[in-house]
Amino acid sequence: MTRGLPLKLVACCAAALAGAATSPAGSNATPPTGTEVVTLSQQTVNGTEYIVTRITIDPGGSTGWHTHRGAVYGIVTAGVLTHFDGTCHQDGIYDAGEPITDPTGPDRVHIGRNLGTVPAVLSVTYVDPVGTPPSDSAPDPGCGFS
C-alpha cells in the first residue's frame, strides 16, 4: 500500500538510470548508482516514442536526481522504492505491486532510492516525442544525498 502522497508523484526512477539520460546540468548532475536498466521495447507511433524498461536498483542505490520531459508510467515489481522531491521531502514509499508515475517538467527534480535490503525492480514505460530522452540528469537540489 502506498505511504506518502498518492500515486501521482512517485518514483521513478529511472530514466536517469537509462543510458539515454542527458545532463544539461553539466558536471553538477548526480548520476544513478547501483542501477541497471534494460530496454525491453522501443517503438515510435505517430511521432511519439514508447520505451519500456526494466530498472533494477540495488540496496543503497538510486536513480540520481533527474527530471522528465514526457510521461512516465510504471509498477514496482519487487522490493521497495522511496521517492524524494526537490525540497528533500520524502513524498512516497512504493511497495511491490504498486503503480508509480513521476512528475514532469524541468522544475520537478526528484530521485528514487532503494533504502531496503533487497533489489527494487521497476517496469517503466516512457512516453515522449521522438528524439526526447526519457530523463535529464540534475544536480542535487541541496538535500545532501543522491
Practice prompt. Return C143, C88 ranked ascending by Cβ neighbour count within 10 Å, so the fewest neighbours appear first.
Written response: C88, C143
Worksheet item: Kirkwood hydrodynamic radius of region 25-113 from all distinct Cα pairs, in Å?
Response: 14.1
Item to complete: Could you please rank V127, V109, V76, placing first whichever residue has the fewest other Cβ atoms within 10 Å of its Cβ?
Response: V127, V109, V76
Discussion item. If I stretch the segment between N28 and V52 completely, what's the gain in nm (0.36 nm per residue apart, minus their alpha carbon distance), one decimal?
Written reply: 5.9 nm
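Give, as a single signed number, the net charge of other residues whose beta carbon lies under 14 Å from the beta carbon of D136, with Lys and Arg counted +1 and Asp and Glu -1.
On the way: positive: R69, R108; negative: D102, D107, D128.
Around D136, the surrounding residues sum to -1.
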Item to complete: Would you kindly state how much longer the chain becomes between T44 and V127 on full extension, computed as 0.36 nm times their sequence separation minus their alpha carbon distance, in nm to one decimal?
Response: 28.9 nm
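FYI, it's all coordinate maths here, none of it is from the lab. The shown structure was predicted, so the numbers you read here are calculated from the model rather than taken from an experiment. Every residue, glycine among them, receives a Cβ derived from its backbone with ideal geometry; neighbour counts consider all protein chains shown.
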